Amino acid sequence: MSAIDSLPPLREVIARHDLRARKQLGQNFLLDLNLTARIARAAGDLTGSDVLEIGPGPGGLTRGLLAEGARHVLAIEKDARAIPALQEIADAYPGRLTIIQGDALQVDPLAHLTPPIRIAANLPYNIGTELLVRWLTPADWPPFWQSLTLMFQKEVAQRIVARPGSKAYGRLALLAQWRCDAQIVLTLPPQAFVPAPKVESAVVQLTALPAPRYPADARVLSELTAAAFNQRRKMLRASLRSVHPEIEALLVASGIAPTARAEEVGLDRFCALARALAAARQVA
Ligand code: SAM
């Protein structure tokens, strides 16, 4: 196995800094640097980009991102024990790695980043979906980032790329695919991590589109999909009853059968319904 840099192997780093994995921090570390370089390559050409990494831990993916030529990496890590290990990487790549110790849900990264910006992370499972939803729902589009390359539990990854008609299809798929291209680029077995989690993992690549795929008001679309998928087994004329008194007519006008269930309806139809609903409310 060829070395991607001149730094010590990750097992040695973890032992020296006593970085035993803590479950409450969602710590499942990737120790194979060829694998982390592969994930970094999935993020695209990094040479002209700043990269935001959440939860670098002992720095396996960080090293992959830097070895693959990222212009600058901003790494936000909650666990103080990992900071000295990350500092060693910063010393090996002068001026290219900034480390912030803190909670990624609280820290505003933008002051430390220069566009173009990509985001890459092996996310802690407990905040992964919350961070993704935040990145997908800014007030303005396009967002501050060009692409997201994110490791999730495979079940979550499948919900992001799901198509209508499948069990995994829901709000996350609609949110992601409305304004991004989304695909699974890598699937990993539990043994790829230390400690091994119970389930498989997958890397999802999301690329921000310059504009949403179909026009719609973000808040109306969000309201509709929440109501529709909260009662996903019900027909839409029932699950959306509280949204508008004339919902059956709005469904028909949007090309959706009132008896259809949310999981059968594609993104284009949900956007058409969001436009019809917004127009009906304006008239009322
Ligand atoms: N990137 C490393 C790797 O691939 O080996 C570690 C990934 S591990 C799944 C998740 C990392 O996120 C851990 O290092 C953990 O300490 C960190 N973390 C957990 N909660 C965090 C939070 N709220 N903000 C920032 N980092 C967090």
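The values are calculated or read from the model by the stated rules, or taken from the named source; none is laboratory data. Since this is a predicted model, take the numbers as computed values, not measurements. Cβ coordinates were reconstructed from backbone atoms using ideal geometry, including for glycine residues, and neighbour counts include every protein chain displayed. What goes into the accessible areas is simple: the full protein's heavy atoms, side chains included, and nothing from ligands, DNA or RNA. Shrake-Rupley method; radii C 1.70, N 1.55, O 1.52, S 1.80 Å.
Tally the residues that are near the ligand (Cβ under 10 Å from one of its atoms), assigned to a strand (DSSP E or B) and either open to solvent by 60 Å² or more (accessible area, probe 1.4 Å) or out of contact with any Asp or Glu (no Cβ under 9 Å at 6 or more places or on another chain) (or both), restricting the search to the stretch 1-58. Summing the residues that are near the ligand (Cβ under 10 Å from one of its atoms), assigned to a strand (DSSP E or B) and either open to solvent by 60 Å² or more (accessible area, probe 1.4 Å) or out of contact with any Asp or Glu (no Cβ under 9 Å at 6 or more places or on another chain) (or both) in the stretch 1-58 gives 2. Just checking, does the stretch 265-272 include any residue being at pLDDT 95 or above, assigned to a loop (DSSP other than H, G, I, E, B) and over 24 Å from the mean Cα position of the chain (by Cα)? No - not one qualifying residue is present in the stretch 265-272.
So how many residues does the stretch 234-262 have that are part of a loop (DSSP other than H, G, I, E, B) and open to solvent by less than 60 Å² (accessible area, probe 1.4 Å)?
Step one: of the stretch 234-262, the residues part of a loop (DSSP other than H, G, I, E, B) are 234, 240-246, 254-260.
Within this subset, residues satisfying the condition of being open to solvent by less than 60 Å² (accessible area, probe 1.4 Å) are 240, 243-244, 254-258, 260.
Summing the residues that are part of a loop (DSSP other than H, G, I, E, B) and open to solvent by less than 60 Å² (accessible area, probe 1.4 Å) in the stretch 234-262 gives 9.
Which of the residues belonging to the stretch 135-165 are more than 19 Å from residue 107 (Cα to Cα) and open to solvent by less than 20 Å² (accessible area, probe 1.4 Å)? Can you show your working first?
Within the stretch 135-165, the first condition is being more than 19 Å from residue 107 (Cα to Cα), and the residues that meet it are 140-142, 146-147, 149, 151-165.
Scanning the stretch 135-165 gives 147, 149, 151, 152, 156, 157, 160, 162.
Scanning the stretch 102-134 for residues being open to solvent by 20 Å² or more (accessible area, probe 1.4 Å), more than 9 Å from the ligand (Cβ to nearest atom) and not in a loop (DSSP other than H, G, I, E, B) gives a total of 8.
Within the stretch 89-101, being surrounded by 18 or more Cβ atoms within 10 Å (Cβ to Cβ) and farther than 15 Å from residue 5 by Cα holds for one residue alone: 99.
Any residue at all in the stretch 72-82 that's open to solvent by less than 50 Å² (accessible area, probe 1.4 Å), more than 7 Å from the ligand (Cβ to nearest atom) and in contact with a Lys or Arg (Cβ under 7 Å, 6 or more places away or on another chain)? Yes.
Just one of the listed residues (86, 66) is under 22 Å from residue 204 (Cα atoms), part of a helix (DSSP H, G or I) and either within 12 Å of the ligand (Cβ to nearest atom) or open to solvent by less than 30 Å² (accessible area, probe 1.4 Å) (or both), namely 66.
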